[in-house]
Amino acid sequence: MIEEIACSEKVTLVFDKKTEAALTNVSFSVKVGESFALVGESGSGKTSLLRLLLGLIEPTKGRVRLFGKCLDEIGHEELRKIRRNCGYISQDPFGGLPPTLTALQAVLEPLIVTRSSLKKDEIDKAKALLSDLGIEESLWNRKLIQGFSGGQRQRIMLSRALITDPKLLFADEPTSMQDVSTRWDLVNLLKNYHQRGMSLIFVTHDLLLAKTITQKGIVLYRGLVCEEGPTASLLTDPLHPYTKALSAALPRLGRAIKIKAKRKPLPPSWEGCVYFSLCPYVFDKCKLSPTLKEVEGGRRVACFLY
């Protein structure tokens, strides 16, 4: 049995040579049964990294392993077989569902494409998933093109991703369009499946959500890993100045959110720390690029303060 279910080894991704890399030298691994968060603001490279792990795009440099297989060493057919062990919730709930299917058909489709007929218990499971996530029975046979909200579509996408009982679920901001009442339905269902043995890679910009759902994670900024460790520690005891800023930005009762810095562009061909223009602790050494350093508690941080 493999202990590692997904791995990124020194991965760099460049879409256009005229622009900066989307990802630079990103390394981490996820063990079987583990829940792992990719945390960062929009444009930090989270979705690109998720797509790399699924083999939807190829890295410019480095290697990706999924279920113990190097994706650059296997053919398309073997990759398809590996992906059948995965569930995927894309960031776009409008483009991620087939518009001509009904809600129930969309949930059942991953089963339909792999077998000649459906069993009654599989149809019942699809209905139960939709019901658990607040999609009422009156909506099950309505076509997706006929006016589902973004939040409803996200819940249908989660049902669709879980219908095959995946060994590994890739979830890209699956709660971004939920209100308070429905968000926790999704969170509790994800936690329930994880407790039953499913591995999870969860993309979010919200450290509190990452801590609630996952055990470990990395924080990305401009395509670089700035910190890695248990998500509880990332939230309550952040090390990197950027992680501290993410934690400080979370709303808390009785305390106003303060914007301590304004984003400034870095000089052309900058080779120092990518957080240089925003960091309140910056000093001369930060004109060099820090590498990830092991610190206590199984954590890593890319900062000259440590």
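Points to keep in mind about this one:
- Among the numbered conditions (1) open to solvent by less than 30 Å² (accessible area, probe 1.4 Å); (2) within 17 Å of Phe202 (Cβ to Cβ), the only one that Thr47 does not meet is (1).
- Close pairs from the stretch 215-238: first of a type in the set (Asp, Glu), partner assigned to a loop (DSSP other than H, G, I, E, B), Cβ under 6 Å, at least 6 apart: Glu227/Leu239; Glu227/His240
- Once the stretch 102-120 is narrowed to residues that are surrounded by fewer than 18 Cβ atoms within 10 Å (Cβ to Cβ) and among the aliphatic types (A, V, I, L, M), the residue that is farthest from Gln154 (Cα to Cα) is Leu118.
- All positions within the stretch 121-148 that are more than 19 Å from Met198 (Cα to Cα), of a type outside the set (A, V, I, L, M, F, W, C) and surrounded by 12 or more Cβ atoms within 10 Å (Cβ to Cβ): Lys127, Ser131, Gly134, Arg142, Lys143
- With respect to the conditions (1) modelled with pLDDT under 95; (2) assigned to a helix (DSSP H, G or I), Met1 falls short on a single one, namely (2).
- Filter result (polar (S, T, N, Q) and open to solvent by 10 Å² or more (accessible area, probe 1.4 Å)) within the stretch 215-246: Gln215, Ser233, Thr236
- Restricting the stretch 179-206 to residues that are part of a strand (DSSP E or B) and among the β-branched types (Val, Ile, Thr), the residue that is farthest from Asp121 (Cα to Cα) is Thr204.
- Number of positions in the stretch 90-109 that are touching a Gly at 6+ places or on another chain (Cβ under 8 Å) and within 21 Å of Arg142 (Cα to Cα): 2
- Scanning the stretch 142-178 for residues that are assigned to a strand (DSSP E or B) and either farther than 21 Å from Ile112 by Cβ or touching a Cys at 6+ places or on another chain (Cβ under 9 Å) (or both) gives Leu168, Leu169, Phe170, Ala171, Asp172.
- Condition check for Tyr306: at pLDDT 85 or above, open to solvent by 70 Å² or more (accessible area, probe 1.4 Å) and either within 28 Å of the chain's Cα centre (by Cα) or of a type outside the set (Ser, Thr, Tyr) (or both): yes
- Every condition in (1) in a helix (DSSP H, G or I); (2) surrounded by 18 or more Cβ atoms within 10 Å (Cβ to Cβ) holds for Leu97 except the one numbered (1).
- Looking at Lys120, Lys69, just one residue is touching a helix residue (DSSP H, G or I) at 6+ places or on another chain (Cβ under 7 Å) and free of Cβ contacts under 8 Å to residues at least 40 places away in the same chain, and that residue is Lys69.
- Within the stretch 17-59, the set of residues being over 17 Å from Asp92 (Cβ atoms), part of a loop (DSSP other than H, G, I, E, B) and among the polar types (S, T, N, Q) comprises Thr19, Ser44.
- A single entry from Gln154, Gln195 fulfils the requirement of being open to solvent by 10 Å² or more (accessible area, probe 1.4 Å) and either of a type outside the set (A, V, I, L, M, F, W, C) or touching a residue at least 60 places away in the same chain (Cβ under 8 Å) (or both): Gln195.
- Enumeration of residues in the stretch 197-228 that are in contact with a helix residue (DSSP H, G or I) (Cβ under 9 Å, 6 or more places away or on another chain) and among the small types (Gly, Ala, Ser): Ala210, Gly217, Gly223
- The single condition among (1) closer than 23 Å to Val187 by Cα; (2) outside any loop (DSSP other than H, G, I, E, B); (3) open to solvent by less than 50 Å² (accessible area, probe 1.4 Å) that Gly62 does not meet is (1).
- Selection over the stretch 229-254 of residues that are assigned to a loop (DSSP other than H, G, I, E, B) and either touching a helix residue (DSSP H, G or I) at 6+ places or on another chain (Cβ under 7 Å) or over 19 Å from Pro280 (Cα atoms) (or both) gives a count of 5.
The values are calculated or read from the model by the stated rules, or taken from the named source; none is laboratory data. Predicted, not measured: the structure shown is a model, and the values here were computed from it. Neighbour counts run over all protein chains shown; Cβ positions are idealised from the backbone, glycine included. For the accessible areas, the whole protein counts, side chains as well, though only heavy atoms, and no ligand, DNA or RNA atoms are used. Shrake-Rupley method; radii C 1.70, N 1.55, O 1.52, S 1.80 Å.
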